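Before any comments, here is the structure.
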Amino acid sequence: MDAHGSRSHAGLAPVRRHLRERLETMHPAYFAMSMATGIVSIACHLLGLRELSALLFWFNVLAYGGLCLATLARIVLFRQAFLADWASHQRGPGFFTTVAATCVLGSQLVLLRQAPDLAFGLWLFALLLWLVCTYAVFVALSIRDDKPSLADGINGGWLVAVVATQSICVLGCSVLPERVANQDAALFFLTSFWLCGGMLYIWMISLIFYRYTFFRFAPSDLMPPYWINMGAVAISTLAGTALVAASGESPLMASIRPFVKGFTILYWATATWWIPMLLLLGIWRHAVRRVPFTYDPLYWGLVFPLGMYSVCTYRLVNTFDLRFLGWISRGFIVVGIIAWMFVFFGLLTRFLYTLVMALRARRPPLAAAEPVLSAFRSGASQPSHGGSQ
Amino acid sequence: MNANTFLFNRDESGRRGLAVAAHTARATRPSRTARAESMQKRGRGMIFAGFIITIAGVVLYCAVCFSGGIDADMGELLLENAVPFARATLGVLAVGALVWLVGSFTYLRGAMDADDEASNGGEATPPQVP
């Protein structure tokens, strides 16, 4: 029994090694899975797909918890790799997905579970994460000595910083104004976040567009997070509609409401402008240049904008009474669910791979067949025909 | 007879802790390779079928639920009649996911068997634990 146990341990060594490698190289942007699942769940809820919405909610609770545990394990086991990511131009901005994922889960709790207190707790946690991520990542990137070129350093994933900032505003509009005595102060605070997000978008998208048009652009450069070019303005639209909806009788908001509404439509129009561009670039990448679809956690960054576009259009339709746009919201949720399924299947394949590897590793090695081999050696059970060749 | 003339059969006998003689192994090697390829082919087919069924399930489910209109209250009202059908379409979705899952498992097993066969080459050597 002990021998068998030790054999199993030895056999599972490659599996353990595989899991450790996965944990060490875990991308900080993995929380995009929780963001994507949460926003698709919210879109399903708003559009009446209640069963799927509930299913995705529970999946997101598991995913968020699992990702938090994995991140904690990475901090403990691979602290150097974790710290190095903060100063990486490619991976550092991925930490902002923790903020957005926390806020999306909070929004789910408000909408699906009517649990504003829990959501408020998550909002406070997200605010703390936002402060840490914003000032740690951008300071670390600024002060490092060896910096990559613009072409190598920037990608659509940087815009997750915008998504994180706007997500604070979106969840805050649901949980903050009713908890503070001075509603104007709360709305001023949230409007500042909305404007900060807009400012970051203008800075970053200028660099990204410059990189698109003036640097060599290989198919491998068009990573899935480029869809956040659209997703960041989609969440800015959502934040704008949330501010308008939360403004109530606030004198401050009454004076700036036309400005907020105008900018909200500007953001929605920009998000819409990006969609054909990103589709064409995707066709160029996968159909023309034959880059195969293989699972990458960064693909969650493609699902999130699809779900967010559906949600922001739904809110825009309701806030501005634009019923003729309703079909867009419905169409995009169908695409969003299908995209979610594809990426989820890709993730499951990863787990299946590990499972199959573990099952094969547990098969008894040659030593386990020793009695049979001995029987063959003695010649007792082996007929002579055939011989060895 | 030397132990090296024996081959550990990973697919069938390995699981039961048996070993077969080299001549038998040589006789079964092409069939095991063919079996691995067949598993991969079958797995690919199931993955494709799973995708198609899942997409059909999603589209049907959304079509049924959207029949209530974009207004949430009105949608909810109409959805009450559509719930059994909506759940049936969710069942289609689940079947698609299951077919895909089984297909992926089959494909992965086939791919790993094929890899092992390739790494073992023509020689009857004991298998390397992956």
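Read-outs: derived from the displayed coordinates by stated rules, not from any lab. All values reported here derive from a predicted model rather than from experimental measurement. We place every Cβ from the backbone using ideal geometry, glycine too, and count neighbours over all the protein chains shown.
Tabulated results
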{"item": "Estimated [θ] at 222 nm from DSSP helical runs (n ≥ 4, -39500 (n - 2.57)) normalised by residues in chain A, nearest 500", "result": "-25500 deg cm²/dmol"}
{"item": "Footprinting exposure proxy for A:TYR135, A:TYR201 (fewest neighbouring C-beta atoms within 10 Å first)", "result": "A:TYR135, A:TYR201"}
{"item": "Acute angle (nearest 10 degrees) that the helix A:116-143 long axis makes with the longest principal axis of chain A, alpha-carbon atoms", "result": "80 degrees"}
{"item": "Other protein chain Cβ atoms within 10 Å, averaged over every residue that makes up A:16-22", "result": "0"}
{"item": "Separation of the A:LYS147 and A:PHE215 label points, Cα + 7 Å toward Cβ, nm", "result": "1.2 nm"}
{"item": "Whether the range A:115-172 is rounded, prolate or oblate, judged on the alpha carbon gyration tensor where a/c under 1.5 counts as rounded", "result": "prolate"}
{"item": "GNM top mover of A:GLY38, A:GLY198, A:GLY262 - chain A, alpha-carbon springs below 10 Å", "result": "A:GLY262"}
{"item": "Cα-derived Rg to Rh of chain A, Kirkwood definition", "result": "1.10"}
{"item": "Computed magnitude of the charge dipole of chain A (debye, nearest 20; Cβ of K, R +1, Cβ of D, E -1)", "result": "940 debye"}
{"item": "Total charge dipole magnitude, the range A:85-201, about the Cα centre, Cβ charges on Lys, Arg, Asp, Glu only, Debye to nearest 20", "result": "100 debye"}
{"item": "Between the range A:80-154 and the range A:174-188, the alpha-carbon center distance in angstrom", "result": "24 Å"}
{"item": "Average beta-carbon neighbours from other chains, 10 Å sphere, peptide A:102-108", "result": "0"}
{"item": "Degrees separating the helix A:251-283 axis from the principal Cα axis of chain A, which is the longest one", "result": "40 degrees"}
{"item": "Karplus-derived HN-Hα couplings along the range A:96-109 (A = 6.51, B = -1.76, C = 1.60, θ = phi - 60°), whole Hz, x at Gly and Pro", "result": "5, 5, 5, 5, 5, 5, 5, 5, 5, 5, x, 5, 4, 4"}
{"item": "Neighbour-count ranking [beta-carbon atoms within 10 angstrom, fewest first] of B:VAL64, A:VAL311", "result": "B:VAL64, A:VAL311"}
{"item": "Acute angle (nearest 10 degrees) that the helix A:2-11 long axis makes with the longest principal axis of chain A, alpha-carbon atoms", "result": "50 degrees"}
{"item": "Test item: A:41-49 mean partner chain Cβ contacts at 10 Å", "result": "5"}
{"item": "Spatial separation of Cα centroids for the range A:7-59 and the range A:241-283, in angstrom", "result": "30 Å"}
{"item": "About the Cα centre, charge dipole magnitude for the range A:1-151 (Lys/Arg +1, Asp/Glu -1 at Cβ), debye", "result": "240 debye"}
{"item": "Sorted by Cβ neighbour density within 10 Å, fewest at the top, the residues A:TYR314, A:TYR295", "result": "A:TYR295, A:TYR314"}
